[in-house]
1. Does residue 152 satisfy being farther than 18 Å from residue 46 by Cβ and surrounded by 19 or more Cβ atoms within 10 Å (Cβ to Cβ)?
2. Exactly one of these conditions fails for residue 116: (1) in contact (Cβ under 8 Å) with a residue 40 or more places away in the chain; (2) in contact with a strand residue (DSSP E or B) (Cβ under 7 Å, 6 or more places away or on another chain). Give me its number.
3. State whether the residues of the stretch 213-223 include one that is within 29 Å of residue 180 (Cβ to Cβ) and in contact with a strand residue (DSSP E or B) (Cβ under 8 Å, 6 or more places away or on another chain).
4. Give the number of residues within the stretch 225-273 that are without any contact (Cβ under 8 Å) to a residue 24 or more places away in the chain, in contact with a strand residue (DSSP E or B) (Cβ under 6 Å, 6 or more places away or on another chain) and assigned to a strand (DSSP E or B).
5. Does residue 48 count as within 21 Å of residue 144 (Cα to Cα), buried (at least 18 other Cβ atoms within 10 Å of the Cβ) and modelled with pLDDT under 85?
6. Taking the stretch 160-189 on its own, how many of its residues are in contact (Cβ under 8 Å) with a residue 40 or more places away in the chain, surrounded by 20 or more Cβ atoms within 10 Å (Cβ to Cβ) and in a strand (DSSP E or B)?
7. For the stretch 68-85, name all the residues that are touching a residue at least 12 places away in the same chain (Cβ under 8 Å) and over 16 Å from residue 109 (Cβ atoms).
8. Kindly indicate whether any position in the stretch 93-112 is under 17 Å from residue 180 (Cβ atoms), more than 12 Å from the chain's Cα centre (by Cα) and buried (at least 16 other Cβ atoms within 10 Å of the Cβ).
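The values are calculated or read from the model by the stated rules, or taken from the named source; none is laboratory data. Small disclaimer: the values here were computed from a predicted structure and weren't measured. Methodologically, a virtual Cβ is constructed for each residue, glycine included, from the backbone with ideal geometry; neighbour enumeration extends over all protein chains shown.
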């Protein structure tokens with residue numbers, strides 16, 4: 001495809017430089033020039049580079065990655081050098097492999113987007129699912145901070161959530177579950193586990209705390225919550241006797257019958273927390 005260079009305003013504090021890269025003979029020099037301009041431009045805080053093919057294919061076949069490995073090495077060196085010399089964040093996004101995946105090299109994230117509709121190439125447990133990515137960019141943060149976040153939103157026609165019926169105070173349980181994805185907008189059978197690289201939208205009743213780490217647990221205890229769910233590990237810890245509800249929500253891709261079909265797909269389970277013996 002033809003090269004395109006676009007600077008898109010994000011906030012009053014600054015802008016982000018977005019570069020689309022195609023054929024190497026024309027567009028690698030264009031990328032180099034864009035990075036040189038971004039280095040001098042105080043209004044450009046971070047750089048995102050988009051290409052159809054990712055630099056690396058998460059699948060073992062490597063069939064969907066950029067084929068010229070010298071070209072890949074050059075791109076990686078350019079992005080690393082830009083990050084090191086400017087302190088500005090940089091990342092690269094590709095798509096053709098259709099497996100939700102991210103790896104980092106010298107502090108630069110390289111992400112592969114999932115398929116948005118057609119059957120993905122990878123297996124569901126390792127990022128082979130349909131969905132989209134919601135990006136958040138904080139232009140106030142430099143390369144060594146969390147300036148870029150990606151929420152991987154998977155499509156669902158149904159959700160299964162597995163929890164224990166009850167826990168004793170002080171007990172823990174790792175929650176599990178899956179979504180079933182449609183084939184296009186028709187009924188499908190692809191089962192995707194509720195875990196990374198999918199971003200799982202956990203919520204629940206008001207007496208459920210959601211957070212990670214000792215400080216989150218201390219806060220939940222102080223506020224008298226019945227349980228706390230660590231979204232990173234999916235571990236539910238019972239804190240006080242009572243009843244607590246855990247909910248998972250996903251974007252809908254159910255066959256359209258009425259406007260309710262467009263509403264998010266939600267599944268909830270209630271767990272009884274019993275006094276410890």
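1. Values: farther than 18 Å from residue 46 by Cβ: yes; surrounded by 19 or more Cβ atoms within 10 Å (Cβ to Cβ): yes.
Yes.
2. (1) is the only condition that residue 116 fails.
3. No, because not a single residue in the stretch 213-223 is within 29 Å of residue 180 (Cβ to Cβ) and in contact with a strand residue (DSSP E or B) (Cβ under 8 Å, 6 or more places away or on another chain).
4. 1
5. no
6. Number of matching residues: 4.
7. 68, 71, 74, 85
8. The answer is no, given that none of the residues of the stretch 93-112 is under 17 Å from residue 180 (Cβ atoms), more than 12 Å from the chain's Cα centre (by Cα) and buried (at least 16 other Cβ atoms within 10 Å of the Cβ).
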